[in-house]
């Protein structure tokens, strides 16, 4: 049974980042401009401000997500997954992600949530576009040359109405 916990431990980040799928590694590299290292991914995501959660299958973390503030009321999401996370538990992870997003709006912390993805990842995995729609995200624009490697990215947003 999948359980969701707030405030993941550093060890949870280590376990998830040690199993990160190749397409997620490539996304981190494209956005950051740095070669992927487990330590860099762990410390970079663990230390950012904002709410974070971890999904565990028993004692094993399978996904970590959260939001980091960009400016008052505007937050950018992040999510790190193990291969087992979405392959076996996509419904639970989706439901939890929507709950967290709804809570961000209900609490007054957010009026806008953003997600930025390298365009090449969406070409390789078109099912991600459908998943973002299920989360309530709307595709806004292509951010030309946004990635550190000069590649384009796509920005999605969900705005409180």
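Values quoted throughout were computed directly from the atomic coordinates according to the rules given, and no laboratory measurement underlies them. None of these values were measured; they are calculated from a predicted model. Cβ placement follows ideal geometry from the backbone for every residue including glycine, while neighbour counts extend to all protein chains displayed.
Can you tell me the length gained on complete extension of the stretch residue 90 to residue 143, counting 0.36 nm per residue apart and subtracting the Cα distance?
16.3 nm
Under the rule of -39500 (n - 2.57) per DSSP H run of 4 or more residues, summed and divided by the residues of the chain, what mean residue ellipticity at 222 nm is obtained, to the nearest 500 deg cm²/dmol?
Helix-only estimate at 222 nm: -12500 deg cm²/dmol.
Given a Förster radius of 25 Å and the C-beta distance between residue 160 and residue 127 as r, what FRET efficiency does 1/(1 + (r/R0)^6) yield to the nearest 0.05?
0.45
Under a GNM of the chain (C-alpha, springs under 10 Å), which listed residue has the highest mean-square fluctuation: 47, 97, 32?
In the Gaussian network model the winner is 47.
What is the antiparallel percent of DSSP beta bridges lying wholly in the range 1-140, to the nearest 5?
85 percent
Roughly what would the spin-label model give for residue 134 and residue 5, points 7 Å off Cα along C-beta, in nm?
Here the answer is 2.6 nm between the modelled labels.
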